[in-house]
Structure formats: structure tokens, C-alpha cells
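The values are calculated or read from the model by the stated rules, or taken from the named source; none is laboratory data. Keep in mind that this is a model prediction, so the values were computed, not measured. Here the Cβ positions follow ideal geometry from the backbone for every residue, glycine too, while neighbour counts run over all protein chains shown.
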Amino acid sequence: MSAGWRGPRAGAVQALRAEWTKLRSVPASGWAAVATVGLTVLLSAFVCGSVSTRGGDPAHPGDEDVVMLSLSGVYLSQIAVVALAVTAVTSEYASGMIRVSFLANPRRRVVLAAKAAVVGAAVLAAGLVASLLSFSAGQPILAGNGFTAANGYPPTSLADPAALRAVAGSAVYLALLALLSVGAGAVLRHAAGAITTVLGLLFVPLVALSFLPERLWEPVQRFAPMTAGLAVQSTAGSLELIAGRSARPVGPWAGLGILAAWAAAALLLAFALVERRDA
Amino acid sequence: MDATIEADGLTKRYGRVTAVDRLSFTVAPGRVTGLVGPNGAGKSTTMRLLLGLDRPDAGAARVNGRPYRQLRSPLREVGALLHASATHRGRRARDHLLWMARSNDLPPRRVDEALELVGLSEVARRRSGGFSLGMRQRLGIAAALLGDPPVLIFDEPVNGLDPEGIRWIRGLLRSLAGEGRAVLVSSHLLRELEGTADHLLVIGRGRLLADTSVGELLRGRGPGAAGQDAAAPAGGSSSLEAAYLELTRDAVDYQAGDAGLDPEP
């Protein structure tokens, strides 16, 4: 019968367990994890296999960022992450299950926060596997393509703090992107609209660079979620060099911070709307 | 505290349409209360308001004396069936109930008990996307019964059920009320609730038209009810249906021409 002040309740811990059960009990989650890891590793390996030291600027030996090259698959796998995180929310609206979720726990912000936490943590884990495998597979491929100490590319490993930051940071990038996507999904409540919006936020600034005047390149790259967030993949050597050309105008951690601000904004808007709207 | 559902001046507008209009009623424990009215009368909206899913523009709804959103462990207090397809198609039936159980700290054995209760134990590990409408309806009922709640709210529970399923759910509703629970069931067909509901809330265009027992409706209490057939032995279905049609005549949204107004389909 009706519970008093004691006894069990539908709280935050229960919401986390419920959201984890939801996530692990649909096949789409497994496929999304496989896609995230697979796409990252495959594209990274392909990129590493297709670059060579020939044709580089002989005046600047070692100006390729080998760590970044070996993590470039994130450009592709982020699309799978956006799709997973958006549909984790919008599929509930499409089926009407969101009502069951809000009946089970009428504290809607708790439900939404639990979903964001679970999806974010799952993507962080998949992202770590993806970036570790990509880095490990990419370095020998690059070495085989002439990226050797003799050509100005001393071997890198995860013992190098910059490489470790790039590898771990790539996973954090994907996790923050998942949070942004959960927020967008909860605000827009339709998969197509939310996925389009998030991918637009990621890629439109990149496309816009080709027709924007040069003086706008730096602010666009600094504040657009993808260009800012992926600055974490830059390793120290390349940072200095590319910063000289003003191509990477934000530091690695600051860039992730800007992506985190985008994610926070989307989630805050979702929190504000979810309590007010009819379910 | 007694198991009750209360609506107090409940009002909900969508743009210029008033879907629910100053609705007040109490659903008492120990009996089945039918919420009946034509399509578009506001039955589903009323239920969403009771369950805290939609916000009322005026008035208040309480379950067990409190607004739904203030319940500490809602599945233990109220069970609700709103829409049969409200599951993820890729999720197994058992997992659908399992995440719900986790959300309210219910023991996992309740999941198996609820599946057993609605006859879905055999298909517990099948994905709900392959379920028939009747099976999904049973899964929704299992979800409502998961927390063994004293208050139950079912929106059109017989939709999509075969005759055997309809017989089953009628028996279930009776036994739930017999255990002292408050049971509110909606239907747009009064005959679906005949022999099941003890009490009726008749609504049309969002307004309460009658708050009456089945017997009183038959005896012709209430505005303009057709009382002529009321003397018929055992209150045949035609007389109850006639009383209902008379009551809701002015409240239907879409009406065919006179030729189509045959009270008995």
C-alpha cells in the first residue's frame, strides 16, 4: 500500500539501474557499440595506410601528427554515437514508452539525468576501446609507411602524455557528444530532427569554413563543437606547429570544455522542458 | 489511507478545444468504475491528468490523497495501462518488466509473477515487436500489476483482445475490485463494461454527464435518460445502451445522418 517516509522509493539509484536495464536489453545498443569501435578502427587504419611521408614539405620533417592520424576514425564513428544517443531518448517518445517511464518515476529530470549518465558511460567505455585499438593498430601501419625516426617521426606510445591525452580524450569527446545528443533528443523528441540537428552542429561549421572570410575561421573553429572537441587529439608537437598557421586555435582541454558547454546547454534546455511539457 | 482516485475541477485545454471541462469525481475502492463516453469525450486525457502525465489548466487530481508526481514509489501505489504498444519492439517481454521493477526497487520475482498472471510466461523471452495486439495488451496489464498496487487505471483494456481475452480481462477486473482495489476502466462502448462495472462515470465533450451506478442509469436517473425499457427483466443490454445513447447524444463529436443513428449495431 502507499509508502510512508520509510521504505522503498523510486529514486536516482533506481533510475540508473532501470536505464541500464533498458539500454542493455535492446539489440540496437550492441550494434551501436560494435559500429562505434569498428568504424573508428577501420577508418583510422585506412587513413594511416593511405598517408606517406613522400611529398611532405622537406623543410618541415615530422609535421604530420601521427597520433591524430591514428585516431581519425572518430570522424566517422561519431555518427553512430549520435544515432545511438538520440534514439535512446526518441524511441521512447515514438513508441509511447516515455509515459511508462514517467509513470514509473514521475521525477522526470531524474529519469532524463539517469539516461544521460548511462548512455554517456556506455559510450565512454566503447570509445576507450575504439581509440585504444585505433592507436595500437595505426602506429605500426604508419611506421610501415615511412613514419620512422629517420624521417623525423620517433615512435610514440601511450607512455607519452600527449598521446595518452589524445587517446583518452577521443573517448571523452564521444561521451560528451552522446550527452549533447541525449539532450537534443529530449528537446526535439523526434529521431530524424534530432540527429539532423546534432550532425548539422558538427559538420556545418566545417563546411562553412570554405566560404567564410578568413578572419572568421578562428572563432568558428574555436566554438564549433566538433573542431573544438577534437582539438584534444592534437599532440604537443603538432600543436605548436599548426598553431603557427592558426589552424588549431584552441587547446586540447579547452576544446573539450567547449564541447562540454554545448552538451550542458542541450541538457539544461531538456531539463527545463521535460517537466513542463505533456508526455 | 483508502485507495482512491479523485478529480477536483479537472480542466485541460488544447488550444481552443477544451478536452476536459471541470471534471470532479471520486473512484472508490472495492469496485470497478467505468469511465465511458463517445470517441473524443476526454477519457484518455482524463487518465493522463490523473497520472500526472499531462498538466491540468485548472483543478487537481489525487491518487491515494496525493498528486501522482508526489508518490514515492508509484508502481506500488498505482498501476496503469495506457497504450498497448508502449514498449520497445526489440526488447524482450521480461526485460520490459524488469526495467520497470528496477525503477521502483521491486523484487525481480514480481516480474515472473506478473507474467504468469497474464499468461505470458511462455513468451517471456520473446521480443515484444513480434507480439500480437492482444499479447501486447497483456504485457501492458502485467506492467500495471507489477507493483501489486491498490489503485488501477486501464484505458480501453479490451482493445484488440479476442473473445477469450475479453472474458479473461472482465474476470480480472472483477477480482481486482473484489480484493478491495480501486479500479477505473475506460471504454467508448458501454456494453464492454456491462456486467463488469459497478459504477459509471459518463462523460461527453469533457464534461461529466452522469456519476451513477449501473442500476440507477437503468432506472432512468440522470438528465433525459430513457427510462421506458427500464422495467425490462434483468435490464437487457438494449435498455442500458439506449440510456447511454440518450445521455451522450448531444455530446458526440461526429454524428451520421438520421439513417445512421441505429442505436443497436
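Summed over the stretch A:1-26, the residues that are facing chain B (nearest Cβ under 8 Å), modelled with pLDDT of 95 or more and surrounded by fewer than 19 Cβ atoms within 10 Å (Cβ to Cβ) give a count of 2. Mind checking whether some residue in the stretch A:143-163 is at pLDDT 95 or above, surrounded by fewer than 17 Cβ atoms within 10 Å (Cβ to Cβ) and among the small types (Gly, Ala, Ser)? So far as the stretch A:143-163 goes, no, none of its residues is at pLDDT 95 or above, surrounded by fewer than 17 Cβ atoms within 10 Å (Cβ to Cβ) and among the small types (Gly, Ala, Ser). Determine whether residue A:136 is of a type in the set (Gly, Ala, Ser) and either in a loop (DSSP other than H, G, I, E, B) or under 20 Å from residue A:158 (Cα atoms) (or both). Yes, satisfied. Please pick out the residue among A:185, A:138, A:152, A:169 that is small (Gly, Ala, Ser) and under 14 Å from the mean Cα position of the chain (by Cα). Result of the check over A:185, A:138, A:152, A:169: A:169. In the stretch A:54-85, the residue that is modelled with the highest pLDDT out of those that are over 29 Å from residue A:122 (Cβ atoms) and touching a Phe, Trp or Tyr at 6+ places or on another chain (Cβ under 6 Å) is A:66. Exactly one residue out of A:136, A:131 is away from chain B (no Cβ under 14 Å), of a type in the set (Ser, Thr, Tyr) and in contact (Cβ under 8 Å) with a residue 12 or more places away in the chain: that is A:131.
Could you tell me how many of the residues in the stretch B:62-75 are touching a residue at least 40 places away in the same chain (Cβ under 8 Å) and surrounded by fewer than 24 Cβ atoms within 10 Å (Cβ to Cβ)? Residues in the stretch B:62-75 being touching a residue at least 40 places away in the same chain (Cβ under 8 Å) and surrounded by fewer than 24 Cβ atoms within 10 Å (Cβ to Cβ): 4 in total.
Conditions tested, residue by residue: (1) at pLDDT below 95; (2) buried (at least 24 other Cβ atoms within 10 Å of the Cβ).
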residue	(1), (2)
B:89	yes, no
B:99	no, yes
B:123	no, no
B:149	no, yes
B:162	yes, no
B:166	yes, no
B:188	yes, no
B:194	yes, no
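Please work out if residue B:52 is surrounded by fewer than 24 Cβ atoms within 10 Å (Cβ to Cβ), within 16 Å of the chain's Cα centre (by Cα) and farther than 27 Å from residue B:190 by Cβ. It is true that residue B:52 is surrounded by fewer than 24 Cβ atoms within 10 Å (Cβ to Cβ), within 16 Å of the chain's Cα centre (by Cα) and farther than 27 Å from residue B:190 by Cβ.
Evaluation of residue B:12 against the conditions (1) more than 11 Å from chain A (Cβ to nearest Cβ); (2) assigned to a strand (DSSP E or B) shows that the sole unmet condition is (1). The stretch B:62-138 holds helices (runs of 4 or more DSSP H) entirely within its bounds, and those carrying 2 or more residues that are among the β-branched types (Val, Ile, Thr) map to B:109-118. Filtered by the rule that a residue be in a helix (DSSP H, G or I) and facing another protein chain (nearest Cβ under 7 Å), the stretch A:84-105 gives A:91, A:95, A:97, A:99, A:100, A:102, A:103, A:104. Within the stretch B:78-102, restricting attention to residues that are more than 7 Å from chain A (Cβ to nearest Cβ) and closer than 22 Å to residue A:106 by Cβ, which residue is nearest to the chain's Cα centre (by Cα)? Across the stretch B:78-102, the extreme among qualifying residues is B:81.
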